[in-house]
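Structure first, then comments.
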Amino acid sequence: MKSPFLLSVSLVVFSSGILVVESSAGSAPARYVDSLIPALAPTKLVTYKKIDDRELKLHLFLPLGWKASDRRPAFVAIHGGGWTGGDASRMYPFAAHFATRGMVSISVEYRLLEPGNGVTVFDCVQDGRSAVRYVRAHSAELGIDPARIVVNGGSAGAHVAVATAMFPQFDDPREARAVSAEPNALVLFYPVIDTSVEGYGNAKIGDRWKELSPVHNVRPGLPPTLVFHGTGDTTTPFKGAKRFQDEMRQAGNHCELEVNEGGAHGYLLLERAVYEEALAKTEAFLKRHRMFPKS
């Protein structure tokens, strides 16, 4: 079966149901997941928000056999980059994978931190919430079950992802709040979870850091959450992830922590085996919480 997301490449190999691209041209990327990106393209782009003259887009990966009348679970992925870099293509491998599993998968564009131009981390959070609200509001035309929206992210993208569940006070005031921006499940890869001086992002956010620190704002009623984190992470220290799990459980929320001993920041992107294991564990989590297509 040919994936609808693959561009022209020299060789395509199937491994555990995952489309893997290999090429003899040029040097191999340092990270395994990066090697998958050039061969992937979304099914289509949809504008979810306009800011001045910029259109922010959702990069949709639609599964084979998709129809607008479907009610499929959605997998919404948000890229990392310290809120200052990266783009939606970083999450193409994850979006494409879950589309092959029958989900409507989406990689999100959002504004990046630009202090000189007035864009803050609060704006990143606002855009993430706008994206999820758009997906739910347009679920009928996107073929999505509005009660099965999974939000995923890596690093600062994982911060924006968890913010979709935690920070309604930073919604875009132009949007109708009758449609919830909160996901039904979260999958977080090595997240920015503590924005104090002991975590990441304190200087980038400034004096209001605590308002955007997930570990300092846990409350009851948050969605089931799966966190992947390495004990060797010095960018977003592991102790923040462990404290987040503890706070979530104390608040009565479901939170699983997949620990990679010695893993540095971004560890699951480096090697194929670790990446595929993370995908398998994510699938198992989504199945347990009925966020996966029926087999």
Would you be able to say whether some residue in the range 146-153 is within 26 Å of Trp66 (Cα to Cα), basic (Lys, Arg) and part of a strand (DSSP E or B)? yes
Residue that is surrounded by fewer than 18 Cβ atoms within 10 Å (Cβ to Cβ) and closer than 22 Å to Glu175 by Cβ, where the choices are Gly81, Gly85, Gly128, Gly118: Gly118
Could you give me the residue pairs with C-beta distances under 7 Å whose first residue belongs to the range 267-295 and is farther than 18 Å from Met91 by Cβ, whose second residue is of a type in the set (Lys, Arg) wherever it lies, and which are 6+ apart or on separate chains? Pro293/Arg72; Pro293/Arg101
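Assigned to a helix (DSSP H, G or I) and either acidic (Asp, Glu) or free of Cβ contacts under 8 Å to residues at least 60 places away in the same chain (or both): does that describe Glu211?
For Glu211, the condition - assigned to a helix (DSSP H, G or I) and either acidic (Asp, Glu) or free of Cβ contacts under 8 Å to residues at least 60 places away in the same chain (or both) - is met.
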Condition set part of a helix (DSSP H, G or I) and under 17 Å from Lys44 (Cβ atoms), scope the range 59-99, selection nearest to the chain's Cα centre (by Cα): answer is Met91
Quick check: is even one residue across the range 182-203 part of a helix (DSSP H, G or I) and either under 23 Å from Thr120 (Cβ atoms) or not charged (D, E, K, R) (or both)? yes
Applying the selection to the range 29-50, what residues are out of contact with any helix residue (DSSP H, G or I) (no Cβ under 6 Å at 6 or more places or on another chain) and modelled with pLDDT under 95? Ala30
Being buried (at least 21 other Cβ atoms within 10 Å of the Cβ) and assigned to a helix (DSSP H, G or I) narrows Phe292, Phe244 down to just Phe244
Got at least one residue in the range 84-104 being at positive phi and at pLDDT 95 or above? yes
Given the criteria crowded, with 19+ Cβ neighbours inside 10 Å, over 24 Å from Phe170 (Cβ atoms), under 19 Å from the mean Cα position of the chain (by Cα) and at pLDDT 95 or above, does Thr282 qualify? yes
Consider the range 206-229. How many of its residues are surrounded by fewer than 23 Cβ atoms within 10 Å (Cβ to Cβ) and over 15 Å from Ala161 (Cα atoms)? 10
Any residue at all in the range 93-112 that's farther than 23 Å from Glu256 by Cα and touching a Lys or Arg at 6+ places or on another chain (Cβ under 6 Å)? yes
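Hey, among the residues in the range 156-182 that are out of contact with any Asp or Glu (no Cβ under 9 Å at 6 or more places or on another chain) and over 25 Å from Arg288 (Cβ atoms), which one's surrounded by the most Cβ atoms within 10 Å (Cβ to Cβ)?
Ala156
The values are calculated or read from the model by the stated rules, or taken from the named source; none is laboratory data. These numbers were taken from a predicted model, which means no experiment stands behind them. Heads up, the Cβs are rebuilt from the backbone with ideal geometry, glycines too, and the neighbour counts pull from every protein chain shown.
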